[in-house]
Amino acid sequence: LKRNIYLILSITTLSTLFSIYYAKNEISIYSGQFQILVREETKQSLANTLGAGIIPKRFSAATTLKKTQELILKSPLVLNPVYEFAKSKYLERGEDISNINYKEWVEDNLNFAFKDGSDVFEITFQDRDKNLIISTLNMISEKYKIYSKRDYNKNLSNELNYLRAQEIIYKEK
């Protein structure tokens, strides 16, 4: 150690200086998240909802599965408008967006996961701009709400059509 003290000190000094320089020039990456409760409806709860023992054929299996909801949330159907919004913000910041595609953007910036085997689905977005994180997460939430309402309204109109058809059949009987 005594013979190589200058070598050890020079390596330690250079490492420390490099670490300080790297830490000062490193761009901070922030992360934001929100959670969605995903529930499965069973035949029993639907029978109670309809108030009768008759369950339409489309309710023969659980209507909402966790994996399906995860795939829907990751799909371009929900996230493409968010992706286009993020690209426009990257362009405003002066970033090169020519090599960004949808799939890579989702994999690099978004994280989707159910929390510890529960029905709570957590979505996390990472970026260096806090305002973009908030705007993007709000937009994802809104787009999913629109999709959910659309699906809900479609299911509701299908149920209404089914019940009207059943009413006609029972009136004839």
Notebook entry, point to check: What accessible area per residue, rounded to a whole number of Å², is obtained for segment 103-152 using a probe radius of 1.4 Å?
Noted result: 60
Note to self: Taking the Cα centroid of segment 150-173 and of segment 1-41, what is the distance between the two, rounded to the nearest whole Å?
What the structure shows: 61
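FRET efficiency for Ile36 and Glu167, Cβ-Cβ distance as r, R0 = 35 Å, nearest 0.05? Before the final figure, lay out the partial values.
Numbers: r = 36 Å, r/R0 = 1.02.
That pair, Ile36 with Glu167, gives E of 0.45.
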Note to self: Which residue, Ser141, Asn111, Leu156, has the largest displacement toward the positive end of the dipole of segment 82-173 when charges sit on each Cβ (Lys, Arg +1; Asp, Glu -1)?
What the structure shows: Leu156
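Cβ neighbours within 10 Å, averaged per peptide: list 97-104, 129-136 in order, most packed at the top. Walk me through the intermediate numbers first.
Details: 97-104: 10.5, 129-136: 15.9.
Most protected by this proxy first, the peptides run 129-136, 97-104.
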Note to self: If I stretch the segment between Lys74 and Phe114 completely, what's the gain in nm (0.36 nm per residue apart, minus their alpha carbon distance), one decimal?
What the structure shows: 13.1 nm
Margin query: Under the 0.36 nm per residue contour assumption, what length would be gained going from the current alpha-carbon distance of Thr12 and Leu156 to full extension?
Written below: 44.9 nm
Margin query: List the lysines whose Cα sits under 26 Å from the Cα of Lys24, skipping any in the same chain fewer than 8 residues away.
Written below: Lys89, Lys130
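What order, most packed first, do the peptides 79-85, 161-167 have when packing is the mean number of other Cβ atoms within 10 Å of each residue? Provide the component values of the computation, followed by the final result.
Details: 79-85: 17.1, 161-167: 12.1.
Sorting 79-85, 161-167 by mean packing, highest first, produces 79-85, 161-167.
Please tell me the relative contact order of segment 84-173 in percent, rounded to the nearest whole number, where contacts are Cα pairs under 8 Å and at least six residues apart. Before the final figure, lay out each step's value.
Numbers: 36 pairs, mean separation 14.6, N = 90.
Rounded, it is 16 percent for segment 84-173.
The values are calculated or read from the model by the stated rules, or taken from the named source; none is laboratory data. The structure displayed is predicted, hence computed values, not measured ones. With ideal geometry, Cβ positions are generated from the backbone for all residues, glycine too; neighbour counts draw on all protein chains shown. All accessible areas refer to the heavy atoms of the entire protein, side chains included, with ligands and DNA or RNA removed. Shrake-Rupley method; radii C 1.70, N 1.55, O 1.52, S 1.80 Å.
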